[in-house]
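Enquirer: Below: one structure in structure tokens.
Taken together, the values in this text are just the output of simple stated rules run on the coordinates, not laboratory data. Not measured: the values here are computed from a predicted model. Please note: Cβ atoms are built from the backbone with ideal geometry, for glycine as well, and neighbour counts cover all protein chains shown.
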Amino acid sequence: MSTDLIKERIAGLGILPELTGGTGESVSVETSTRFVARMYKNVYPLISGTDHDRLIYFYSLLADCDTSDNSAQNHVRLLKKLKSTAAGNGFCHSSSLQLPPPL
């Protein structure tokens with residue numbers, strides 16, 4: 001399944017604004033934390049390190065959440081640089097990346 005198709009399906013379901021706070025209403029920290037934890041648990045392991053578009057979309061979704069940590073924004077910025085300069089090279093999942101605690 002292509003990244004564009006995934007984006008279309010998520011948009012079609014209309015659930016993203018509710019999870020990331022895009023509705024104009026504030027999302028509880030608990031909801032954002034659960035969303036981020038589920039994304040890391042269920043989606044992140046399935047993404048290839050060479051699929052830069054999907055990694056950028058993954059971290060963009062996380063960056064849209066109301067979290068105090070801006071590491072997702074940093075990952076998006078670095079992935080865009082990597083994609084433009086070294087297409088096809090794998091994104092090394094940093095050992096300094098801290099996954100959210102399990103719920």
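Enquirer: Restricting the stretch 46-75 to residues that are over 20 Å from LEU5 (Cβ atoms) and free of Cβ contacts under 8 Å to residues at least 24 places away in the same chain, which is surrounded by the most Cβ atoms within 10 Å (Cβ to Cβ)?
Expert: HIS75
Enquirer: Please specify each residue of the stretch 1-17 satisfying the condition of being over 17 Å from ARG54 (Cβ atoms) and surrounded by 14 or more Cβ atoms within 10 Å (Cβ to Cβ).
Expert: PRO17
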